[in-house]
Amino acid sequence: MSVWIEPVTLGGRHVRLEPLSHEHAPALAEAVLDGQLWRLWYTFVPAPDGVEGYIESALAEGERGGLAFAVRDLASDTVVGSTRFCHVDSTHRRAEIGYTWYARRFQRSAINTECKRLMLAHAFEDLEAIAIEFRTHWHNRASRAAIARLGAKQDGVLRNHQVSADGILRDTVVFSIIAAEWPAVRQNLDFQLERFE
């Protein structure tokens, strides 16, 4: 079986996306403390003592075609979070961008916009993706708004889609960007990034 998404480092003006490895664990454990992100009940952010397991799970998904990144802020040369290509369907050239989180002090900065710009360009321009999905918890209103700001369109809601660790059923909101929409989305992201120059 051929691998559609190969490990790659993606770089921009603000961030570098490095293939996730166990070497990133101490920095990610530090990043997750900023905002106590694991306490947000509607996210999949690891607790500081769960970062190694989080990385192990991401690497296992990588063996099935996914690709996880550590997100490095170039200005501070600090790893500030993580994101990944997941739920990869190489036959139909589709994937999801998910498991995205950043230390609180880097939220609402150029980091997320540029990460998505880099990943979407790689997906649509290098890998010739047909569609890229984004999924989030119904109650994660900040994430839903951020995904919409990227230019993704809401496809629908998967009711009772998953069972959370605490046993509560999760409704998942699904968004996507299709290849034909990429030029306009790219222009929008470039416009958004200009305000951080």
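The values are calculated or read from the model by the stated rules, or taken from the named source; none is laboratory data. Please read these numbers as outputs of a predicted model, since none were measured by experiment. As a convention, Cβ positions derive from the backbone with ideal geometry for all residues, glycine included, and neighbour counts pool all protein chains shown. Accessible surface areas use protein heavy atoms only, side chains included; no ligands, DNA or RNA. Shrake-Rupley method; radii C 1.70, N 1.55, O 1.52, S 1.80 Å.
Compared with the alpha-carbon gap, the fully stretched path from His139 to Glu194 is longer by 16.8 nm at 0.36 nm per residue.
How much area per residue is accessible in the range 97-188 when the probe is 1.4 Å and only protein heavy atoms are counted (Å²)?
Values: 4570 Å² over 92 residues.
For the range 97-188, the solvent-accessible area averages 50 Å² per residue.
Modelled label positions at Gln162 and Ala180, each set 7 Å beyond Cα in the direction of Cβ, lie 3.0 nm from each other.
Calculated from the alpha-carbon coordinates, the chain shows an Rg and a Dmax of 15.8, 44 Å respectively. Couplings 3J(HN,Hα) for the range 28-36, derived from phi with the Karplus relation 6.51 cos²θ - 1.76 cosθ + 1.60 (θ = phi - 60°), are 5, 4, 5, 4, 5, 5, 6, x, 6 Hz, where x marks Gly and Pro.
Taking label points 7 Å from Cα along the Cα-to-Cβ direction, Leu40 and Arg64 give a separation of 2.4 nm.
Just to make sure I understand: if all protein chains stay in place, what is the order of Thr100, Thr113 by accessible area at 1.4 Å, largest first?
Numbers: Thr100 50, Thr113 10 Å².
In descending accessible area the options line up as Thr100, Thr113.
First check a/c for the range 33-77, with a ≥ b ≥ c the square roots of the eigenvalues of its C-alpha gyration tensor; if it is under 1.5, answer rounded, and if not, answer prolate when a/b is larger than b/c or oblate otherwise. Note, shape of the range 33-77 comes out oblate. Both numbers refer to the Cα atoms of the range 116-171; Rg and Dmax are 13.7, 40 Å.
A simple packing score, the average count of other Cβ atoms within 10 Å per residue, orders the peptides 76-84, 170-178, 57-65 as 76-84, 170-178, 57-65, with the highest score first. Taking a ≥ b ≥ c as the square roots of the eigenvalues of the Cα gyration tensor, an a/c ratio of 1.5 or more together with a/b larger than b/c marks the range 58-115 as prolate.
Inter-part distance, the range 31-93 to the range 142-197, computed on C-alpha centroids, equals 17 Å.
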